[in-house]
Amino acid sequence: VQVHPDNAYAQKYEGEYGKTECWYILDAQEDAEIIYGVNAKNQTELNDMIDQQQFDELFHKVKVKAGDFFYVPAGTVHAIGEGILILETQQSSDTTYRIYDYERTDTNG
């Protein structure tokens, strides 16, 4: 689960452009979902939910089907779920901030 900064923030802190994306759903299994935004009402609630690891409650999930289209503006928390094939158009940028990685760890934790 990730988020990309907008152009102003990315240029100031990362020295490159931000990233906005568009997704066209080519195929999706029944009940497939994306994460598209958060359910937190404000920054304090967002921070609390992250600190308490309430990720199931935090992320706004949307069921998808073939033919759906999503505009994912910079600053939108997002992830593509299992069983989904998308066509993605995006700004060219390498700046990505990970919010959650499904409890996966690497050799560094």
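FYI, it's all coordinate maths here, none of it is from the lab. This is a predicted model, so every value here is computed, not measured. Neighbour counts run over all protein chains shown; Cβ positions are idealised from the backbone, glycine included.
Spacing of the modelled spin labels on Thr44 and Asp94, each 7 Å from Cα toward Cβ, amounts to 4.0 nm. According to the calculation over all Cα-Cα pairs in the chain, the P(r) per 10 Å bin from zero is 14, 39, 38, 10, 0 %.
Simple point charges give the picture: +1 on the Cβ of Lys and Arg, -1 on the Cβ of Asp and Glu, and for region 2-98 a dipole about the Cα centre of about 260 debye.
Model label points for Asp101 and Gln29, set 7 angstrom from Cα along the Cα-to-Cβ axis, are 2.3 nm apart.
What residue among Tyr24, Tyr36, Tyr13 shows peak mean-square fluctuation when the chain is described by a Gaussian network model with Cα springs under 10 Å? Of Tyr24, Tyr36, Tyr13, the Gaussian network model singles out Tyr13 as fluctuating most.
Calculated FRET efficiency, Glu82 and Gln11, Cβ-Cβ r, R0 30 Å, to nearest 0.05?
On the way: r = 34 Å, r/R0 = 1.15.
Result of the calculation: an efficiency of 0.30.
How far is the Cα center of region 78-95 from the Cα center of region 14-66, in Å? The two parts, judged by their Cα centres, are 12 Å apart. Beyond 16 Å, how much of the Cα-Cα pair distribution for region 1-54 remains, as a whole percent? Of all Cα-Cα pairs in region 1-54, 64 percent lie more than 16 Å apart. Which one, Thr44, Thr96, Thr20, has the greatest fluctuation when you compute a Gaussian network model over the chain with C-alpha springs under 10 angstrom? Checking each option, the largest mean-square fluctuation is seen for Thr44. GNM remark for the chain: springs join alpha carbons under 10 Å apart, and the peak mean-square fluctuation among Lys19, Lys65, Lys41 falls on Lys41.
Using θ = phi - 60° in the Karplus curve 6.51 cos²θ - 1.76 cosθ + 1.60, the 3J(HN,Hα) couplings for region 37-52 round to x, 10, 8, 5, 7, 7, 4, 4, 5, 4, 4, 4, 5, 5, 4, 8 Hz; x is entered for Gly and Pro.
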